[in-house]
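A.B. asks: Here it is, the structure in full.
The values are calculated or read from the model by the stated rules, or taken from the named source; none is laboratory data. Fair warning: this is a prediction, and the values are worked out from it, not measured in the lab. Heads up, the Cβs are rebuilt from the backbone with ideal geometry, glycines too, and the neighbour counts pull from every protein chain shown. Note: areas computed on protein heavy atoms with side chains; ligands, DNA, RNA excluded. Shrake-Rupley method; radii C 1.70, N 1.55, O 1.52, S 1.80 Å.
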Amino acid sequence: LWIPSLFSGSPFAANHHAAPWDISTIFFLLLPPKIAFGITLLFQLFSAGASTFFCCRVFGLSIRPSLLAAAGYMFNNFFFHWLGLISFNAGLIWLPLIPAGIELAFRQQMKFGWVLSALALAFTFLSGMAQFWLFNLFVFITYSIYRFFTIQTRSSSTISGFVLALLLGLAGGAVQIDQVANALSHTSRGGLSPASPYEGRNHLSPRKLPTL
């Protein structure tokens, strides 16, 4: 239950620093830790840029603005601020593939679009960062609803495709979702914990809504 090659030792647990089923684990299994860590960071940045470029092309942008958008996304401040924590960026690098897949499914009537969105959701779940699960799910659901009401021809197949993509995404990431669900009650966010001076900093109370 101990992973010695991550962060000078990391427990095999449901937290955002230990995602044993993330795709980057392959590098750590095949290569020395230092090399695997560097390749993982490069892989994440490249995947973020490639996903954004593909998304822009699906939306009809030409190559130059697509490259500009890809560079802007892969070199954004958030990615570089959390570059050392693999799971912080591991889910967000697949985010552009979600609207890209939905757009393919609605605009070009390609069933592959739903599969693409499902894969992006599955990779998001496997990344282990539960906060970003909700963010990518929000994008998937809201953009699907938006396209459903803006498309000219609607059919039951679009609804079934949406449901199937959601189920496939959940099934693909089930192993990590189950791990998090089982451990949630033992964490400070999911279980009973003593009050601390930092309590409430990461939670949204009604009195903070005006500020937000």
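Okay, residues lined up against (1) open to solvent by 70 Å² or more (accessible area, probe 1.4 Å); (2) at pLDDT 75 or above; (3) assigned to a helix (DSSP H, G or I); (4) of a type outside the set (A, V, I, L, M):
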site	(1), (2), (3), (4)
PHE123	no, yes, yes, yes
LEU164	yes, yes, yes, no
ASP178	yes, yes, yes, yes
ALA181	no, yes, yes, no
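This table checks each residue for (1) at negative phi; (2) without any contact (Cβ under 8 Å) to a residue 60 or more places away in the chain; (3) under 14 Å from the mean Cα position of the chain (by Cα).
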| residue | (1), (2), (3) |
| --- | --- |
| LEU83 | yes, yes, no |
| ILE86 | yes, no, yes |
| ILE93 | yes, yes, yes |
| ILE98 | yes, yes, yes |
| ILE102 | yes, yes, no |
| SER117 | yes, yes, yes |
| TYR146 | yes, yes, no |
| GLN152 | yes, yes, no |
| LEU167 | yes, yes, no |
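A.B. asks: A further question follows. How many residues are more than 19 Å from SER47 (Cα to Cα) and touching a helix residue (DSSP H, G or I) at 6+ places or on another chain (Cβ under 7 Å) if we restrict to segment 115-134?
C.D. replies: Total meeting the criteria: 1.
A.B. asks: Has segment 149-158 got any residue that is aromatic (Phe, Trp, Tyr), open to solvent by 40 Å² or more (accessible area, probe 1.4 Å) and modelled with pLDDT of 90 or more?
C.D. replies: no
A.B. asks: Across segment 56-70, which residue is most open to solvent (accessible area, probe 1.4 Å) among those that are over 15 Å from PRO99 (Cβ atoms) and assigned to a helix (DSSP H, G or I)?
C.D. replies: Only one residue tops the list, namely ARG64.
A.B. asks: Got a sec? Which of PHE88, PHE53, PHE37 is in a helix (DSSP H, G or I) and under 16 Å from ALA100 (Cα atoms)? Quick ask: steps written out before the conclusion?
C.D. replies: Numbers: PHE88 fails: under 16 Å from ALA100 (Cα atoms); PHE37 fails: under 16 Å from ALA100 (Cα atoms).
Just a single option satisfies the conditions, and that option is PHE53.
A.B. asks: What do you reckon, is LEU119 within 17 Å of PHE162 (Cα to Cα) and surrounded by fewer than 23 Cβ atoms within 10 Å (Cβ to Cβ)?
C.D. replies: Against the criterion (within 17 Å of PHE162 (Cα to Cα) and surrounded by fewer than 23 Cβ atoms within 10 Å (Cβ to Cβ)), LEU119 qualifies.
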